[in-house]
Structures are given as C-alpha cells and as structure tokens.
1. What does the accessible area per residue of the protein assembly as shown come to in Å², with a 1.4 Å probe and no ligands, DNA or RNA counted?
2. State the answer as a single residue: which of B:Gly26, A:His65, A:Leu211 lies farthest towards the positive end of the charge dipole of the protein assembly as shown, with beta carbon charges of +1 for Lys and Arg and -1 for Asp and Glu, about the Cα centre.
3. State the antiparallel share, in %, of DSSP beta bridges confined to the range B:83-204, rounding to the nearest 5.
4. Taking a probe of 1.4 angstrom, what is the accessible area of B:Phe21 in Å², to the nearest 10?
5. Take the alpha carbon gyration tensor of the range B:247-372, find the square roots of its eigenvalues, order them as a ≥ b ≥ c, and report rounded if a/c is under 1.5; if not, report prolate when a/b exceeds b/c, else oblate.
6. Specify, per residue and in Å³, the volume enclosed by the convex hull of the alpha carbon atoms belonging to the range A:14-77.
7. Identify which of B:Asp237, B:Asp12, B:Asp186 has the largest mean-square fluctuation in a Gaussian network model of chain B, with springs joining Cα atoms closer than 10 Å.
8. Give me the Debye-computed log₁₀ of I(q)/I(0) at q = 0.17 Å⁻¹ for the range B:46-160, equal point scatterers on Cα only, no solvent, two decimals.
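The values are calculated or read from the model by the stated rules, or taken from the named source; none is laboratory data. From a predicted model like this one, the values you see are computed outputs, not experimental measurements. Methodologically, a virtual Cβ is constructed for each residue, glycine included, from the backbone with ideal geometry; neighbour enumeration extends over all protein chains shown. Side chains are part of the model used for accessible areas, which takes the heavy atoms of the whole protein and leaves out ligands, DNA and RNA. Shrake-Rupley method; radii C 1.70, N 1.55, O 1.52, S 1.80 Å.
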Amino acid sequence: MTASPTQVSPTNDPAPAIPLLALEGITKGYEQSSPLFTDLTLEIFPTQSVAIMGPSGSGKSTLLHIMGGLVSPDGGRVLIRGVECGSQAQWDEVRMRTLGHIFQDAWLLPSLTAAENIEIPMIGMERSARARRDRVAWLLEMTSMSDRANARAAILSGGERQRVAFARAIANRPKIILADEPTGNLDSRNKGFVVELLHDLCDREGAALVLATHDVNVADTCRTKLMLSQADVRLQ
Amino acid sequence: MLIPVFRLAMRDLTARSLRCFLTVSGIAIAVGTYVAVEGLVSGFERALTNNASQTDVQLEVTEKEPIDFLSSLIPESVADRIAAVPGVAAVAPILVRLSPLSDGRTIPIVGWPDDAFLWKTINVVDGRIPRSNQPVEALIGARLASSIGVRIGDVVQILGVGVKAVGIAETIDRINRSSIFLRLPDLQAITHRSGQVTSVGVKLAATALGNIPEIQKTLSLRVQGFDVVSTESLSRDNFLMVLTRSFSRVMAVIAISLVSFGVLNTISTSVTERRHEFAIMRAVGWPVRRIALFVMFQSNAISVAGVGLGLALGYAGARGLGDLSAYSAYLEPQFEPQMLLWGICVCFAVSTLGALIPLWTISRMDPATVLRSP
C-alpha cells in the first residue's frame, strides 16, 4: 500500500499548539511486501476520538503499535507532547504515564485475578498500596466487574476480559487510549456495551481515543475517521 | 515497588501449581543427586580417616608404597625392631582382611595380638575380648551385631570358618562398629598369613607427640625397605583413597552439570513460554528491569524450594543407600557445609542465568512482534 502525507486534527475544536501524539514522516513495511505507509504524518490532540479503518492487512494494528512504541517504524519520528521518543526507557515511561493499550485479545495475565491485572500498570506509578486498591475497586465498579474481582483472568468470558483490559488501560489515567479492534472478538450485545463503556471511560478520564476497527458502526462513534486503504491514507 | 512485584510474582507462581511443582521437582532431583553422591563419597573418605585416627596410633609401618592399605603385607617381626626406638610407647602388629557375609555384605576382619594396646581403645559393652582359639573367638562390632542379629555365644561364618562371638564392642568410628575382631594368631591361621601382618601400628609417648616427623625419620632408618607414614597420610594418600577422591570429583562435576543443565533448561523454557506475558507487561509500561525482577523473584523462589527439597531428598537418599549397601560399614554420608554451599550457589547462579538470558532475548524484540508470535 502506498500512503500520502496525511494530517489528522480536530475540525471543530481549536487545536492546542502541541499535539499529545504526533507521527512525522512515518514509513513502515514488512519483509517481502510493499510498504504499509510512506511518509505518514498524523497528530492526536486531547479528548479527540479517532477511528482508524481499513481492510485486514492495511496496517491498522501496526499504526497503533507504532503510536505506542510497540513496533519500531522504518523511518520517521513519534513525538509525545512534542518530545521525540527514541529510547526504550522513554517508551517505558510514556506507556506507563501517557498511553493506555487495549488489544483485540485483551491479553491479560491468565494466572492473575481481574483485580491484579488492573493493578499491574500501577506498580511503579502509584506507591501507596491503599491508593492502588481504591483505584482498582473504582475501575472494577466502572466496568461492572466488582463481583469478578478475584476471578482468575483465565476463567473470565471474552466480554469480561475486555472490560478488565479497558480498566487496565486507564488505570494510570493516561492521556491517550490506543484500542486495537477492541470489539473484534465480541458478540453484538457485548459490542455495544463495550464501545459505550470505552467512550465513557475516556470522557471521564479526559483521554483521547485512537481506535482501530473494520466495523463501520464502531468507527461511527468516533469524531474523526482515518481510512487506510490499498491506495492511500484518507481523512474522512 | 519490591513488595507488590514480589506479591504478584508469588501469586503468578502459585497459580501455576502443577508447572511449579514439576519445576521444583526437577531441581530437587538434580540437587538431591549431587548431595547424595557427594555425601556418600565424603562419608567414605571420613570413615577411613576416622578408622585410622580413633585408635591411638600415630604412625604405621607398611609395605613400601602399597597400592592400598589392605594390600600391604609385612613380617610381624618388624614390630620388635621399632619397639625400642625412643619416643615409641607401644607397637601393635595389625592384620586386616575383608570377608563377605552370607547376606552379601563385606566386612573388615581385624586381628590384634593378645597384649596389643589397641584392645583398650574399644569399648566392650557386653561379654569380653577373645582369649581362646578352641574354638576361635571373636569380638563383634555393635552395629554389625545388631544388623545380623548376633548375640554372645552365636557362631558367625567368616572366611569359611565359624567363629564364636564372645563380646560386643562399641566404637566411635563406623568401620570398627561393623568389624569383627580376632586374636592375631587366629586370623593369621585362617588367612594363611602366618608371621605376616598388614601393618604395625605405632603409639607414641605423650612427650613425643610434638615431634612426630623426627621420630618418623628415625623409624624409617630403622626399618629400611618399609614405609613409615602417619595414620592420616595412610588413609588420605593411598591409591584407594586417591581413586575415591577422583571418583568423587568426577561425580560432583557430573552431578553439578546435571543440576546446571536441568535448572537452566527448566527455568529458561518456563521464561520463553511466557514471552507473551512479558510483552504484555512491557505494553502496559513495565520496564525490562522490573520484569527481570519479577522473573528473578520467581526463579529464586523455585530454586529455594527445589534446593530445600533436594537437600532433604539427598540426605535421606544417601542415608538409605548407605544402610542398604553391601558396603554400609564404610558408607555413612558426610555432608560438608562447603560442598552444600557450592551446590546452592551454582543452582542460584544457573537459575538466574536461565531466567535472564531468554528474558534478555525477548526484551530485544518489539512487544508487538512477541505478541503476534505463536
């Protein structure tokens, strides 16, 4: 897929001077295939919600992973609040304080309980055990998981796992949530509930949401849509 | 931060009880093997050394450079040539042979002259020392008497001859507790070693104990063609002991290698299998050093449990094997703290390496790449 320089910014709100997250001239490809993006530029501002759409293999997940430092781009820069993230230590710090990740498969630690999974990102960030406990309890309540707090992740249903993953993603009050197909493995009943919950949590915490999905209905809940296609990257 | 990381690491471990149990068992078996082998070999070495040092004998005259103590054969008359040397308090010709018992065990048969000072070094707890050769009389070590059920008046078959038990003796060292003591002329007759002995034991006067090397030199000049050695040297430097020590070192290397590879393989496999979990930890902001701490807590906890269980298994196994063996007279396991410490250090070092090497490899990959991998 070829990509043209693209800029995503809010259309209605006046944009702050420095974006929360900026991609500058990002190029990425995998071996034996044409590049997914070439010279991609993109900016995310506070409280913004952006849906990244496109068919399978168009690079939605890769783009989210580049934004979160989980994959290194072949070229270009990723800036968080105007500062380039180059080293692993910088990314660790950003992922702990500024970014929250949600994956399609939830990716919880199966041997730990729902409460312990939510607590994991808070270790190192929040020193007080009591403050961690209180925050975990609040997040469990927000995600309607209080009664499953001590259940091991391995025995939770798909919808329950995804709710725990949401709670874990916002545990440290991040400024941006990166959600990769968060409804991909859910049935239609759970899907609606989970999308609503995701927006609600982001609103409560004042976080921007970048969501990769191939589901038009889910994408429609976001104010800005970015279409990755075989031809280019388009802003809708 | 240490406490919550430790708490989560332990919770994660206990949630995988079967996996954890198997890993601990693997380490315990490897450590137990090492401890049992080392314990038995050290015990054998100690038993021979104690046997020589518990009988008031400081020097021994033997055949020139014997392959081992038992193969030495010298004339009994050598004793008379050294008895008058200044500093020598007493001498005792000693004949030692090995004899199989009907149950398959092999025990030492020791012959001392009637007037030997050596009889006074053992504690006769029942009966008396041998006096007559019609029939041949024997003093039985207490451990042997107990294990084969011999009482005073019973006849024991040794070297094809029946000997009558007339006393039971308790001694400090394990070998004598499992030995049979006869009068020297009786043992010489039974073994067709008339006028010959294995060695001559030399007891030095109290005033000469500070000058043993000098007396050793004097004795060597007096009995040229024979060796005059200290009891410690006789038990430590003979061919049998050198062979045993070499065997011990080889077995220790094999056992410690087993421990190392077992622990390394188990821990590194466990870490590699959980690469997705470590990628998740990185995705939620854990730095690699915190994940390393998490893994270290787990690998060390497993090592503590495995080493603890292995020590207990090794100790019990060595004791059990020692008692069951046909050579139980020599096999009282000896557990040297230094040897155990070595084993424990190697185990912890290897488990740390086993955890950190795969973790280092995983940490060099993008978390997303790890998560996408099968």
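1. 44 Å²
2. Farthest towards the positive pole: A:Leu211.
3. Taking every DSSP beta bridge with both residues in the range B:83-204, the antiparallel ones total about 70 percent.
4. For B:Phe21, solvent-accessible area is about 130 Å².
5. It comes out prolate by the Cα gyration axes.
6. It is 94 Å³ per residue.
7. Of the options given, B:Asp12 has the highest mean-square fluctuation.
8. Log-scaled intensity ratios, in q order: -1.05.
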